[in-house]
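K.L.:
Can you keep this structure in mind? I'll have questions shortly.
No value in this document is a laboratory result; all are computed from the given coordinates. Everything quoted here is computed from the prediction, not taken from an experiment. As a convention, Cβ positions derive from the backbone with ideal geometry for all residues, glycine included, and neighbour counts pool all protein chains shown.
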Amino acid sequence: MEARVKADIQQHIVSTWLSGDERGFTDQTDLQESGILDSFSTLALIAFLDQTFSIQLEPADINAQTFRSVTTLTKLVMEKLARNGTEHAAK
Amino acid sequence: MRIDRLVTPWAKRAPDRLAIDGSDGTLTYGELDRLANQFAHALRASGVKPGDRVGVHVPRSGRTVAAMLGASRSGAVYVPLDPSSPPPRMKLVAQDCGLRHVVISPALLGNWLAAGVREPVEHFFLASEGAAPPGADPARVHPWSEVQAASAAPPEPAGDSPDELAYMLYTSGSTGVPKGVMISHRNALAFTEWAADEISLAETDRVASVAPFHFDLSVFDLWASLSRGATVVVVDESTVISGRRMVDRIQAKAITVWYSVPSALVLMLDDGGLAERGAASLRTVFFAGEVFPMKHLRRAMAALPQARFYNLFGPTETNVCLACEVAPPPSPEATAIPVGHPSCGDSVLIVDPEGRAVPDGEVGELLVEGPTVMLGYWDAGRRTPAKHPYPTGDLVSRRSDGELMYHGRRDHLVKIHGYRVELGEVEAALHSHPGIHEAIAMAVEQQLVAVAVPSDPQVSVLDVKRYCATRLPRYMVPSEVRLVEALPRTSSGKIDRVRTRTAYIGADWSLLRPAQRAEPRKES
C-alpha cells in the first residue's frame with residue numbers, strides 16, 4: 001500500500017511539474033528548494049492528494065515539514081488513511 | 001503630511017486602540033508609536049543618517065510595521081524586502097541601493113549568512129528575541145533587547161517635506177536586475193487619502209493586510225488604516241495559501257475592508273467555501289494587480305452581496321491612478337469591466353506610438369500625470385527621475401462614458417497571480433545556467449512557462465527549476481519547463497516569440513522537438 005501511495009505521488013509530481021522528466025528526482029528531493037512547490041502548486045497538490053486517496057487534509061496537516069518531499073507526503077497520507085480506517089472501524 | 005507622522009496623533013488621542021492585530025501578537029496605537037520611536041533611536045545610534053536606505057526583511061507582523069515606521073522617523077528611506085526572495089537577489093537589492101542597515105528575523109539572517117551575503121550591510125537588527133544564527137558577527141548583529149532598551153521618546157524630526165523619498169519597492173527589472181521604485185510621502189498619501197475618503201474609512205474598521213509589504217497593495221492596508229485610527233488585521237503568509245484559513249480569519253476577526261489580487265478571492269470561493277459561509281462583516285472589497293475573470297467576479301459579488309467592490313488600477317510607479325466601483329455586478333454577457341477613470345488627483349492621456357492622443361474607443365498607451373507618479377527609479381546605484389507624464393506601458397481605450405478598458409501590455413512585463421514579472425529577468429536567470437544555450441519565458445493562463453534549449457544533454461527539468469529557485473523569488477520560478485532541440489526563428493534570425501508561444505499552446509511538438517536527454521551525472 002505504502003509503495004503504491006509513494007509511486008502515485010511521485011508520478012503525479014513528475015508529470016505535472018517536471019514535464020515528465022524524472023531525471024534526478026527522488027523521494028528525498030526537497031520540493032520547496034527545488035522550486036517545484038509554491039503556494040499555487042501546493043494547493044493543486046493538496047487537491048490531488050485529497051481526491052486520489054479520499055482523505056481530507058486539514059490546515060494543521062499542511063506545513064513545510066509534511067510537504068518537504070515525496071517521503072514525507074507519503075507518511076502524511078498513510079497517517080490520514082490509518083486514522084480514517086480507525087474511525088470507520090469504530091462506527 | 002508625512003508617513004512618519006501618521007500614527008502619533010492617534011497614539012495621543014486613543015493610545016489603547018488596537019493598531020495592529022497580528023497572528024504573533026497585537027500592538028495598540030500607543031505601543032506602535034513607542035516601538036517606532038525605539039527603532040528610530042536604535043537605528044540612529046548605529047549611524048543611520050537622513051536619506052539612508054534601511055532594509056526591512058521580516059515576515060509581516062506588528063514589529064515589521066514598527067520597523068518601517070521607525071526607519072522613516074529616523075529620517076531613512078525604508079525598503080521592504082520579500083521574505084520569499086532568495087539571498088542572491090537580496091544581495092542585488094542591497095548593493096543596488098547601498099543598504100547598510102537591515103532589520104531582519106533571525107531565520108532570514110541565517111539564510112543571508114549561509115549564502116555569504118554580507119556586503120554592503122554593516123548592521124543587522126534582529127526583530128525578535130531569537131538568538132543570532134551561528135557564524136553571525138556579534139559586532140554587526142544587534143539583538144532585539146537593544147531596540148527594547150532604546151528611548152521611546154519621540155526622536156528629533158529628520159525631515160519636513162512631503163516630497164522627500166519615503167520608501168522604495170523593488171520590482172522585476174527587464175535586464176535581470178530588480179529596480180527600485182522611489183515613492184515620496186506625497187505620492188503614497190495621495191493614494192491612501194483618496195482611498196480612505198472614497199470608502200469613509202474610520203476607527204471602527206478592521207482592515208486586512210493580505211499583500212506582502214514589498215507589494216504596493218500593502219500601502220493602503222497600512223498607511224490608510226493607520227491614518228484613520230483603524231485596526232490592521234494581519235492575514236499572514238501561512239494563511240494566504242489557504243482559502244479556508246482566509247475565510248476563517250475574516251470571520252474570526254470581523255474584517256471590514258479587504259484589498260487583494262483577484263486570485264486570493266477566487267481561492268476563497270474555490271477552496272474556502274466563501275459562497276456558502278459568506279463574510280457578513282466585509283463592507284468593502286478592493287481588487288487590483290490582475291484581470292478578475294468575469295465568472296469569478298460574479299461569484300464573488302454574489303457571495304458578498306453586502307460589500308461594495310472596486311477595481312483599482314496602476315503600476316507600482318503610479319500606485320493607483322485609475323479606479324471604479326463595480327456596480328451593479330457585471331451582466332452575464334459582459335466579457336470585461338473597466339479599469340476605471342482617473343483617481344487620486346491624477347490625469348491621464350491615451351496616445352499612439354507617435355505620442356498623439358487617440359480618439360475615444362481606440363487603443364493607445366496610458367500616460368499618467370499627477371501626485372501619485374513616483375519620483376523615479378533607483379537603478380544600478382543611480383537615481384533616474386520619472387518621465388512626465390509617466391508612460392505606463394499599459395494599453396487602454398476610453399469608452400464614451402469616460403471609463404477606461406484594458407488591452408494588455410506593450411512589452412514583456414506579465415502578471416502571475418498579481419505579481420509583476422519581467423520575462424527578461426526570468427530569461428536572464430535561465431541564461432546564466434551553464435547548461436542552457438538559450439531560453440525564453442512566457443505567461444500562459446497565469447502559468448509561467450520556460451522553453452529552453454540545453455547545451456548539455458544531462459541538464460534535467462529539475463536542475464533548471466532548482467537553479468531558478470536559488471536566484472528568483474518563488475513566484476518567478478517557471479512552473480513548467482520544456483527542454484527542446486531548438487527555438488523557432490524569425491526571418492531576421494531572432495527567436496520568434498509568437499510562434500514559440502503558439503506552438504506551445506497548440507502542443508505543436510514538430511516545431512518544438514524535445515531535446516535529446518542523457519542521464520544526469522551522479523551528485524557527488
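K.L.:
Just to be sure I understand: if I project the alpha-carbon convex hull of the range B:1-122 onto a plane and average over all orientations, what area do I get in nm²?
P.N.:
Working: hull surface 30.0 nm².
Quarter of the Cα hull surface area: 7.5 nm².
K.L.:
Same structure again: Could you tell me the distance between the Cα centroids of the range B:170-220 and the range B:8-80, to the nearest Å?
P.N.:
Each part's Cα centre sits 17 Å from the other's.
K.L.:
Explain nothing, just the number: relative contact order of the range A:27-82, from Cα pairs under 8 Å at least 6 residues apart, as a whole percent. If you can, show how the numbers build up before the last one.
P.N.:
Numbers: 34 pairs, mean separation 25.1, N = 56.
Reported as a whole number, the value is 45 percent.
K.L.:
Right, next: So which lysines pass the test for B:Lys387, namely a Cα distance under 22 Å, with those fewer than 8 places away in the same chain ruled out?
P.N.:
Here the lysines satisfying the reach criterion relative to B:Lys387 are B:Lys179.
K.L.:
Under the Kirkwood approximation applied to all pairs of distinct alpha-carbon atoms, what is the hydrodynamic radius of the range B:289-406 in Å? List each step's numbers first, then the result.
P.N.:
Working: mean 1/r = 0.0646 Å⁻¹.
In the range B:289-406 this quantity evaluates to 15.5 Å.
K.L.:
On to the next question. Fewest first, what order do A:Ser39, B:Ser260 take by the number of other Cβ atoms within 10 Å? Intermediate values should be presented prior to the final figure.
P.N.:
Working: A:Ser39 17, B:Ser260 24.
Lowest to highest Cβ neighbour count: A:Ser39, B:Ser260.
K.L.:
While we're here: Out of the trypsin sites (Lys or Arg not before Pro) in the range B:135-221, which ones are loop residues according to DSSP with at most 15 other C-beta atoms within 10 Å? Before the final figure, lay out each step's value.
P.N.:
On the way: sites: B:Arg140, B:Lys179, B:Arg186, B:Arg206; in loops: B:Arg140.
Answer by residue number: B:Arg140.
K.L.:
Would you report the distance distribution of C-alpha pairs in the range A:2-90 as whole percents per 10 angstrom bin, up to the bin with the largest distance?
P.N.:
16, 54, 24, 5, 0
K.L.:
Per 10 Å bin, what percent of the C-alpha pairs of chain B does each bin hold, from zero upward?
P.N.:
Percent of pairs per bin, in order: 4, 18, 27, 27, 17, 6, 1, 0.
K.L.:
If I histogram all Cα-Cα distances within the range B:32-85 using bins 10 Å wide from 0, what percent of pairs lands in each bin?
P.N.:
30, 54, 16, 0
K.L.:
Something else about it: Alpha carbons only, please: Rg and Dmax for the range B:254-339, in angstrom.
P.N.:
Over the range B:254-339's Cα set, Rg and Dmax evaluate to 12.5, 38 Å.
K.L.:
How high is the relative contact order of chain B, in percent, counting Cα pairs under 8 Å that sit 6 or more residues apart? Could the numbers behind the result be given before it?
P.N.:
Working: 1144 pairs, mean separation 58.4, N = 524.
Relative contact order of chain B: 11 percent.
K.L.:
Let me ask you something else. Hey, could you pull the Cα Rg and Dmax for the protein assembly as shown, both in Å?
P.N.:
In Å, with Rg to one decimal and Dmax whole: 24.7, 76.
K.L.:
Based on the Cα atoms of the range B:415-505, what semi-axes does the equivalent ellipsoid have, where each is the square root of 5 times one gyration tensor eigenvalue, given in whole Å with the largest first? Before the final figure, lay out each step's value.
P.N.:
Numbers: eigenvalues 72, 59, 24 Å².
Each semi-axis is √(5λ); the values are 19, 17, 11 Å.
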